[in-house]
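Engineer: Just passing along the structure, written as structure tokens.
The values are calculated or read from the model by the stated rules, or taken from the named source; none is laboratory data. In this text the structure is predicted, and so the values were computed from the model without any measurement. Counting neighbours? That spans all protein chains shown, and the Cβs are built from the backbone with ideal geometry, glycine included.
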Amino acid sequence: MALPAAPPTVCAACGYHVYVNARPTSGLIILSEDGTRFLALLRAREPKAGLWELPGGFCDGWEHPSESAVREAREELGVDVTLGALVGMYVGSYDYQDETLPVLDCIYLATLPPDAVITLDPAEAAELTWFPITSPPAMAFGTMDRALEDAQKYFMR
């Protein structure tokens, strides 16, 4: 049986309430030792392959976004980061399997351990670079652009 309307709606047959909720994600603005640059990855896969992004990804089931941020850094960069302040939470979108999904991006500041050796996951990123925090490139997702602007305003004084 088809739903009577697009979510939010209620199934007429069983009374189940159907919503489209934002999926939580975590992201990291990893700062250089002097705090003037941030680490960006060149996306290796769709959506938005070939564009710059912050390390991060979707939270698992009951995983807290701060735990997800540390896990994602380990998976994508091969290092354990030191998590800093929450920069903010941003509602955005993510195109997946011919559907645009709402996401809630939780972006944190972070630093690398001294003498960290980054090992990129080639399925995630084609390359990395350090950009000045004051002049970032356009990022793959608008939520990342907004987080970088907020990091400059509120944390880089």
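A quick yes/no check of all residues on (1) of a type outside the set (Ser, Thr, Tyr); (2) closer than 24 Å to Thr134 by Cα; (3) touching a helix residue (DSSP H, G or I) at 6+ places or on another chain (Cβ under 9 Å):
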position: Leu3; (1), (2), (3): yes, no, no
position: Tyr16; (1), (2), (3): no, no, no
position: Tyr19; (1), (2), (3): no, no, no
position: Ala22; (1), (2), (3): yes, no, no
position: Pro47; (1), (2), (3): yes, no, no
position: Leu51; (1), (2), (3): yes, yes, no
position: Val70; (1), (2), (3): yes, no, no
position: Ala73; (1), (2), (3): yes, yes, no
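Engineer: Still on this structure, I have one more. Considering only residues that are among the β-branched types (Val, Ile, Thr) and under 15 Å from Ser26 (Cβ atoms), look in segment 83-125 and name the one that is surrounded by the fewest Cβ atoms within 10 Å (Cβ to Cβ). Full working, then the answer.
Structural biologist: From segment 83-125, those among the β-branched types (Val, Ile, Thr) are 87, 91, 100, 103, 107, 111, 117-119; that's our starting set.
So of that shortlist, the ones also under 15 Å from Ser26 (Cβ atoms) come out as 87, 91, 103, 107.
Details: Val87: 23, Val91: 12, Val103: 19, Ile107: 26.
It comes out as Val91.
Engineer: What number of residues within segment 65-105 satisfy the criterion of being in a strand (DSSP E or B), within 17 Å of Val20 (Cβ to Cβ) and not aliphatic (A, V, I, L, M)? Full working, then the answer.
Structural biologist: In the first step, residues of segment 65-105 are kept if they are in a strand (DSSP E or B); the result is 82-96, 99-105.
Those still in the list that are within 17 Å of Val20 (Cβ to Cβ) too: 91-96, 99-105.
From what's left, not aliphatic (A, V, I, L, M): 92-96, 99-100, 102, 105.
Count: 9.
Engineer: Looking only at segment 13-59, count how many residues are surrounded by 15 or more Cβ atoms within 10 Å (Cβ to Cβ), under 21 Å from Tyr94 (Cβ atoms) and of a type outside the set (A, V, I, L, M, F, W, C).
Structural biologist: 9
Engineer: Let me ask something additional. Testing Trp62 on (1) over 25 Å from Tyr154 (Cβ atoms); (2) modelled with pLDDT of 95 or more; (3) surrounded by 12 or more Cβ atoms within 10 Å (Cβ to Cβ), one condition comes back false. Which one is that?
Structural biologist: (3)
Engineer: So how many residues does segment 126-142 have that are within 23 Å of Pro102 (Cα to Cα), in contact with a Leu (Cβ under 8 Å, 6 or more places away or on another chain) and surrounded by 14 or more Cβ atoms within 10 Å (Cβ to Cβ)?
Structural biologist: Within segment 126-142, the first condition is being within 23 Å of Pro102 (Cα to Cα), and the residues that meet it are 138-142.
Remaining after also requiring in contact with a Leu (Cβ under 8 Å, 6 or more places away or on another chain): 138-140.
Okay, now just the ones that are also surrounded by 14 or more Cβ atoms within 10 Å (Cβ to Cβ), so 139-140.
So the count comes out to 2.
Engineer: Could you list all residues from segment 14-45 that are without any contact (Cβ under 8 Å) to a residue 24 or more places away in the chain and part of a loop (DSSP other than H, G, I, E, B)? It would help to see each step written out before you state the result.
Structural biologist: Taking segment 14-45 as the starting set, the residues that turn out to be without any contact (Cβ under 8 Å) to a residue 24 or more places away in the chain are 14-19, 34.
Cys14, Gly15, Tyr16, Tyr19, Asp34, listed by residue number.
Engineer: I've got another one for you. Is it the case that some residue within segment 73-94 is within 19 Å of Pro114 (Cβ to Cβ) and without any contact (Cβ under 8 Å) to a residue 24 or more places away in the chain?
Structural biologist: Initial filter on segment 73-94 (within 19 Å of Pro114 (Cβ to Cβ)): 73-74, 77-84.
Next, from what is left, pick out any that are without any contact (Cβ under 8 Å) to a residue 24 or more places away in the chain: 74.
The answer is yes, given that some residue of segment 73-94 is within 19 Å of Pro114 (Cβ to Cβ) and without any contact (Cβ under 8 Å) to a residue 24 or more places away in the chain.
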